[in-house]
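Engineer: Structure in structure tokens, see below.
What follows is calculated from the coordinates using simple rules that are stated; it is not laboratory data. Quick caveat: nothing in here was measured; it's all calculated off a predicted structure. Don't worry about glycine lacking a Cβ; one is built from the backbone with ideal geometry, like all the others, and counts go over all protein chains shown.
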Amino acid sequence: MLDIQKLIGSPKIIVSNVDDKTTKFEVKYLPRWFGHTLGNALRRIILGYSMWGAITGLKIKGVAHEYCVVDGVKENVINIMLNFKTLRFKVDERSENIQRVSQRFSGVGTYSSSNIKLPSGIELLNEDVYLFSITDPSVELNIDIRIEKWYGYYSVDYLRSRDKKDEDTDVNMLLIDNDFKLVEYIKYDVQEVIEDFTGSTKDLLVLEIKSGFNKIEPKEIVMFAGEVLASYAKLFVFDTIYIDRSFLIDMEDLEKIQEKYHEEASVKTMPIDALPLSERTRNALIKNNILYVEDLEKKKKGELLLMKGVGRKAIEEINSALGNIDKSLLG
């Protein structure tokens, strides 16, 4: 991290749930422009490289190609493939990345994703997704499902090219392009704020992620993206090259410095941002070079009113804040 963090404070992340599927990540005390740098990088990684399980192929007994129609089944083969394409899975890290699961469906009725029987190590994330309906009691539908755990996007051309090289691939496998992602949307916002008594400008990054599935926390999604980003950044750290590290600081050292600073500040002086003031009032005081509570105590009400940005409402707010800590304006 840059040495400027000594001035603007240790980076802090606040995680809060907006609803069952949406989580907000607020990252405070970032140097100017770092909000956009981190926000955009994380957003692009999450959208392009989410790692989960999806279906990349179906083999339906008696079906030679996707343009077939199965007697006794309401949907044509293409629609069945599109319904299966929406399914997502959580695959255990100890399981194979590619697995084939055989299913048998018989009897008149409607069939959904909850009817799929999965082996241990694979968990269905979206239940009750409609797949197809059987209308003829004599029909039995046998389907082999190919589930893969990967990231990014697999096109049909890529799958076809890859399967040609694999001797174990069945030629009757109907290929399904898929993107593996779980996110419904991700957005970020960056605000420039002044939050400390020094008047330093810093970034506040707000990242909001909505997962498409209740069983997956956005924390899992953003953590994978963070690991990816960190691993690529390390490519630019060369052991054979010397750089001036005097402007860099580790998080552990920064926290020790911040703790020491707060201990000294509590004895010697109290910064103005220790008062529960609105951002507008606090910024007005800072711009008028009132950085500490002790500075404020030396001011009279009339002096403050002459300052730019300080009105009667601000005076009331200041009096109330000072009163909470048994202090007051002069006179």
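Engineer: Need the C-alpha centroid separation for the stretch 5-67 versus the stretch 69-93, integer Å.
Structural biologist: 26
Engineer: So how much slack lies between Phe236 and Lys85, counting 0.36 nm per residue of separation and subtracting their Cα-Cα distance, in nm?
Structural biologist: Using 0.36 nm per residue and subtracting the Cα-Cα distance, I get 50.5 nm.
Engineer: Separate question: Restricting to DSSP H runs of at least four residues, report the calculated mean residue ellipticity at 222 nm for the chain, -39500 (n - 2.57) per run over all residues, nearest 500 deg cm²/dmol.
Structural biologist: -9000 deg cm²/dmol
Engineer: Sticking with this one: Modelling each spin label as a point 7 Å along the Cα-to-Cβ direction, I'd like the Leu322/Asn40 distance in nm, to one decimal.
Structural biologist: 4.6
Engineer: Here's a follow-up. Could you name the lysines in cross-link range of Lys327, using Cα to Cα under 28 Å and dropping any fewer than eight places away on the same chain?
Structural biologist: Within the straight-line cut-off, Lys327 pairs with Lys260, Lys268, Lys287, Lys298, Lys299, Lys300, Lys301, Lys308, Lys313.
Engineer: Going by a ≥ b ≥ c, the root eigenvalues of the Cα gyration tensor, does the stretch 130-239 fall in the rounded group (a/c under 1.5), the prolate group (a/b larger than b/c) or the oblate group?
Structural biologist: Taking the square roots of the gyration eigenvalues as a ≥ b ≥ c, the stretch 130-239 is oblate.
Engineer: Give me the extension gain from Glu279 to Lys61: residue separation times 0.36 nm, minus the current Cα-Cα distance, reported in nm with one decimal.
Structural biologist: Extra length from Glu279 to Lys61 when fully extended: 71.7 nm.
Engineer: If you take every residue apart from Ile143 with its C-beta less than 10 Å away from the C-beta of Ile143, what net charge results, scoring Lys and Arg +1 and Asp and Glu -1?
Structural biologist: +2
Engineer: Multiplying the sequence separation of Cys68 and Arg32 by 0.36 nm and subtracting their Cα-Cα distance, what value in nm do you get?
Structural biologist: My answer for the length gained is 7.1 nm.
Engineer: I would also like to ask the following. In sequence order, what are the phi-derived ³J(HN,Hα) couplings for the stretch 88-105 according to the Karplus relation 6.51 cos²θ - 1.76 cosθ + 1.60 with θ = phi - 60°, rounded to whole Hz, with x for glycine and proline?
Structural biologist: 10, 9, 9, 10, 4, 5, 8, 8, 5, 6, 10, 9, 10, 10, 8, 10, 10, 10
Engineer: Students often forget the sequence filter, so: which lysines lie under 24 Å Cα-Cα from Lys215 once same-chain residues fewer than 8 apart are removed?
Structural biologist: Qualifying lysines at Cα under 24 Å: Lys21, Lys24, Lys85, Lys90, Lys117, Lys149, Lys181, Lys187.
Engineer: Could you rank the peptides 104-117, 309-322 by their average count of other C-beta atoms within 10 Å per residue, with the highest value first?
Structural biologist: My ranking of the peptides, most packed first, is 309-322, 104-117.
Engineer: In terms of the Cα gyration tensor, with a ≥ b ≥ c the square roots of its eigenvalues, is the stretch 1-54 rounded because a/c is under 1.5, prolate because a/b exceeds b/c, or oblate?
Structural biologist: oblate
Engineer: Counting other Cβ atoms within 10 Å, keep those with at most 14, restrict to DSSP loop, and tell me which GluC sites (Glu not before Pro) in the stretch 110-205 are left. Write out the running numbers ahead of the final one.
Structural biologist: Values: sites: Glu123, Glu127, Glu140, Glu148, Glu167, Glu184, Glu192, Glu195; in loops: Glu127, Glu167, Glu195.
Answer by residue number: Glu127, Glu167.
Engineer: Taking the highest mean first, how do the peptides 157-163, 211-217 order by number of other beta carbon atoms within 10 angstrom per residue?
Structural biologist: Output ranking for 157-163, 211-217: 211-217, 157-163.
Engineer: Go ahead and run the numbers for FRET between Ile78 and Phe247, Cβ-Cβ distance against an R0 of 35 Å, rounding to 0.05. The partial results should precede the final answer.
Structural biologist: Details: r = 59 Å, r/R0 = 1.68.
Between Ile78 and Phe247 the formula returns 0.05.
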